[in-house]
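This report concerns only the one structure given below.
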């Protein structure tokens, strides 16, 4: 495949990748989702991630049909990548996209569940051993040698389960034998130090003799200082001195001593040069022999080594996703063709959120705590007071839908998630003009009008156009959602202005219950099904009355209290233990 056949790789990016990695290396980096390789080659990290998210050709990222849906997706993968055991696993998590089939989603869910069970079964020491093995693998740059060592250490840590069967398929004896060879022999036949003790000693001697040769005048002076008088005595002193300095035998030094030197200076330099050349030849012969032996050992274990390299990366990814699931107490959803239902769902972007149960479409969930959402309604219109958690519920549902689309567990006690071809999540944007209305409609209507199945999660149309027209538009969207066999949750304050909804739709409400002692709004975030949520301005006015800075300001807010219902305001103040 040509580099420019990949989405986002134009001529300049292609040239940059080929220059840094070569054509085959660049293709391999893209196919293996190696973000680091692309970044090191000069591609910005954001662009590298975008390229790799589309590299599988499934265009799963297109399921996320709006900017807000993609923002939720990015934030979720950021949380998940923080739980990664290796840099490569973190990169692979960042480029996960929605999977195209129900079967693929179920298969990944099963792998993550199996990995979570295996991780949960490890004691503290075993977990630390696994983490240390992956740190060493990361620090070594994910080489073959590091992968083999990590595979052996992971086996010893006691990881068990179907996800880790491949660790047991590799022959540990073959891996241990290969471990002593991997990383020591280069493509050019050179052998690194540490591979063979004899070769290392030979190299040390060679370097010592080279040092002597470069300082041959000092060698000459040292020998002459010993008071030698004849050429034979000088020769003997030379052999003895070099043998002592280099740990060579006298015979090895004697064999290269010059026979026809013109004088002592020529004798020393010629003899040392000849000794260097002989030792270089010996080292080269020994290096070639060791390189061949190392290659044979690696070749004998090649299948096991390849399996270890592949397995370690897959185990790192599976365990990283498992740690994400355990860290946030995520649950495997039931994956179906249609519908979205959750029991005890929690928003991952909030600290200590109130769990909520909700559903659109058919489901058979039985919630262990809290109300069971009604089954069958394809669309809901969610109403209630400001700060009542309506947008948070939409975001929670989008989190569940996005995670499930990638075959990942979700933040709920139980969930059923259908296969959606488009997830439309649209937050309320506080801009009131025709341009914002037009861009919003262009963002959310085309996915609903297409051939696939769509999930609509849309917040407060009235924030971007006049309320009367917003009610008309919302009626149109609800009807279109039903007609297109889609599913949707629409948040609004305009329930009383809507025309009769189709039988496939219902109205739900979130209710504020009063003020806390600190005068914060106390809300039950669990929607009440089939009930319009009422605005509760008396709670807000009560807080303003209680917090008035002076008598004049208080009088003004008390006038508002009379308008919204003074009795209700006084009751709220009394409940919050404030004196009027």
With respect to residue 294, is the statement that it is touching a strand residue (DSSP E or B) at 6+ places or on another chain (Cβ under 8 Å), part of a helix (DSSP H, G or I) and either under 20 Å from residue 197 (Cα atoms) or assigned by TED's automatic domain parsing to the domain that holds residue 205 (or both) true? yes
Within the range 179-188, can one find any residue that is assigned to a helix (DSSP H, G or I), touching a helix residue (DSSP H, G or I) at 6+ places or on another chain (Cβ under 9 Å) and under 26 Å from residue 319 (Cα atoms)? yes
So which residues in the range 480-491 are assigned to a loop (DSSP other than H, G, I, E, B) and buried (at least 24 other Cβ atoms within 10 Å of the Cβ)? 486
Within the range 147-162, identify whether any single residue is at positive phi and not in a helix (DSSP H, G or I), and answer yes or no. yes
Could you check, for the range 411-419, whether at least one of its residues is buried (at least 23 other Cβ atoms within 10 Å of the Cβ), within 19 Å of the chain's Cα centre (by Cα), assigned by TED's automatic domain parsing to the domain that holds residue 359 and not in a loop (DSSP other than H, G, I, E, B)? no
What is the one condition in (1) at pLDDT 75 or above; (2) more than 23 Å from residue 353 (Cα to Cα) that residue 527 does not satisfy? (2)
Are there any pairs with C-beta distances below 6 angstrom linking a residue in the range 64-76 that is in the same structural domain as residue 450 (by TED's automatic domain parsing) and within 23 Å of residue 436 (Cβ to Cβ) to a residue that is loosely packed, with under 15 Cβ neighbours inside 10 Å and at pLDDT below 95, with the two at least 6 apart or on different chains, and if so which? none
What are the residues in the range 494-519 that are modelled with pLDDT of 80 or more and in a strand (DSSP E or B), if any? 505, 506, 507, 508, 509, 510, 511
Could you go through the range 220-228 and let me know if any residue there is free of Cβ contacts under 8 Å to residues at least 24 places away in the same chain, assigned by TED's automatic domain parsing to the domain that holds residue 254 and on the phi > 0 side of the Ramachandran plot. yes
Kindly indicate which of 297, 286 is modelled with pLDDT under 90 and surrounded by fewer than 21 Cβ atoms within 10 Å (Cβ to Cβ). 297
Quick one: residue 381 ticks every box in (1) under 18 Å from residue 402 (Cβ atoms); (2) touching a residue at least 60 places away in the same chain (Cβ under 8 Å) bar one, so which box is it? (1)
Exactly one of these conditions fails for residue 207: (1) under 30 Å from residue 257 (Cα atoms); (2) in contact (Cβ under 8 Å) with a residue 60 or more places away in the chain; (3) loosely packed, with under 15 Cβ neighbours inside 10 Å. Give me its number. (2)
As an exercise: evaluate residue 477 against (1) closer than 26 Å to residue 402 by Cα; (2) surrounded by 19 or more Cβ atoms within 10 Å (Cβ to Cβ); (3) modelled with pLDDT under 85 and give the number of the one condition it does not meet. (3)
Could you count how many residues in the range 445-460 are assigned to a loop (DSSP other than H, G, I, E, B) and farther than 16 Å from residue 360 by Cα? 4
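The values are calculated or read from the model by the stated rules, or taken from the named source; none is laboratory data. As the structure is a prediction and not an experimental result, all values here were calculated from the model. Every residue, glycine among them, receives a Cβ derived from its backbone with ideal geometry; neighbour counts consider all protein chains shown.
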